[in-house]
Every structure is written in C-alpha cells, then in structure tokens.
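Engineer: Mind looking over this structure? Questions follow.
Each value in this text was obtained by applying a stated rule to the coordinates, not by laboratory testing. Fair warning: this is a prediction, and the values are worked out from it, not measured in the lab. Neighbour counts run over all protein chains shown; Cβ positions are idealised from the backbone, glycine included.
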Amino acid sequence: MTAPTPAAPAVPRPGLRDRLRRERYLLALVLWLDDDYPSAQRRALVEQLRGDLDAAAADTSMHEAIRSLGPARRLAAEYSELLDPRRPRWGLGAAAAAGWLTVWLLAAAVFASALWQVAPAAGADGATARLLWAELTVVNTPRETSVGWQEGFPWTLVVALAAFVAAARPWRAVPALRGRAGRATGQS
C-alpha cells in the first residue's frame, strides 16, 4: 500500500464581496487587453490571476492583493507587450474591414437621400446616378416609392477584403513566411 501524497493546502473560498471585487478587477483587465490578445492565453491568464489573487487574499485581503497588482490598464499593457509584435492582428483587420463597410454604407445612404430629394422631378423612371462602382435608382412618385441598387462586380467587398488583409497581416500566421519577412527586414 502506498502512502497518500499530501495535497496542496486548499485556499479558502473568498467571501462574496471579495469575489465581486476580484471579478471586477479581472473584467477590467480583460477589457483593457488588446482584442488581438489570443483568447486561449487570455483565459489561462485570467484563471491564473484568479488563483493567485485568492491565494494572496488568504494571506492579507482581496483589496491588498488587487492593489499589489496595480491598475488593470497598466497590467494589461504589460501583458500585451510580452506578445510577439510580428503576430497577425485579426481584430485590427476586422475593424478595418468593418470601418470601410460602414463608411461605404453611410456614403450610399447620404447619396440615396440626395437622390430621394430630386426623384420626384425625374418622373416615373426616377433618378439614377452612380456612386463609385454602384448604380442607385430612386423612384419617389405618388404611385411608387423604391430604392434600387445595382453593382456589377462586388468591388465594395473586394476593398473590404483588401483593408482586412492590409491591417491584419495574415501572412504572419504562416511561420515560414513570418521567418522570411523577419530576415528581410533584419528582425530576428
């Protein structure tokens, strides 16, 4: 028969107030972490900090344990600096594509609104005009009210994809390409 291995001393569960204080701090940390911070690493970091805060709070108090870590914003910045700066930035790419699509839709809405004003004078066929590569037709008569949109090739999506690729730098996800790019620029 083997002797049981001693278990690590159990850290007592903090009270409700301390748990709320801890979770508020961890939520602030997660919100300050860059969107490009890998989610698996973020979850592991939060779990580790949760355990460390509980252990430190058992010795002193949760307030002191949190204060010893400093502001969540500064701690998040320190963790973000540890990441490889040559990694792809998927969140930034998504934001660039979404930004382009938002600007495009806003411009199209303003353009359609302007056409809406002149459509009654254009007659039954409505007013037709081009905005970059899209053709808008607005009909505003007592019998019919409509807005039509015709676009041959989906240039709007092509530009959104180009914005995503330019901002996200997806080629950095491929280790062979990342190594070649680093050697070409003199980085290691």
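Engineer: In whole Å, what are the extents of the chain along the principal axes defined by its C-alpha atoms, from largest to smallest?
Structural biologist: Dimensions of the chain along the principal axes of its Cα atoms: 93, 49, 40 Å.
Engineer: Taking a temperature of 25 °C and a viscosity of 0.890 mPa s, what whole-number D in µm²/s does Stokes-Einstein yield for segment 20-87 with Rh from Kirkwood over alpha carbon pairs?
Structural biologist: It diffuses with D of about 199 µm²/s by this estimate.
Engineer: Angle, helix 72-81 long axis vs. longest principal axis of the chain, Cα atoms, 0 to 90°, nearest 10?
Structural biologist: Tilt of helix 72-81: around 80 degrees.
Engineer: Quick one: compute the contact order of the chain, relative version, from alpha carbon pairs under 8 angstrom and 6+ residues apart, as a percent.
Structural biologist: 19
Engineer: Another question, if that's okay. Which of 145, 156, 102 ends up with the largest GNM mean-square fluctuation for the chain, with Cα atoms connected below 10 Å?
Structural biologist: Checking each option, the largest mean-square fluctuation is seen for 145.
Engineer: Let me ask something else. I'd like the per residue volume of the convex hull spanned by the Cα atoms of segment 90-180, given in cubic angstrom.
Structural biologist: 92
Engineer: Say the dipole of segment 90-180 comes from +1 at the beta carbon of Lys and Arg and -1 at that of Asp and Glu; which of 168, 154, 95 then lies farthest toward its positive end?
Structural biologist: Checking the options against the dipole of segment 90-180, the answer is 168.
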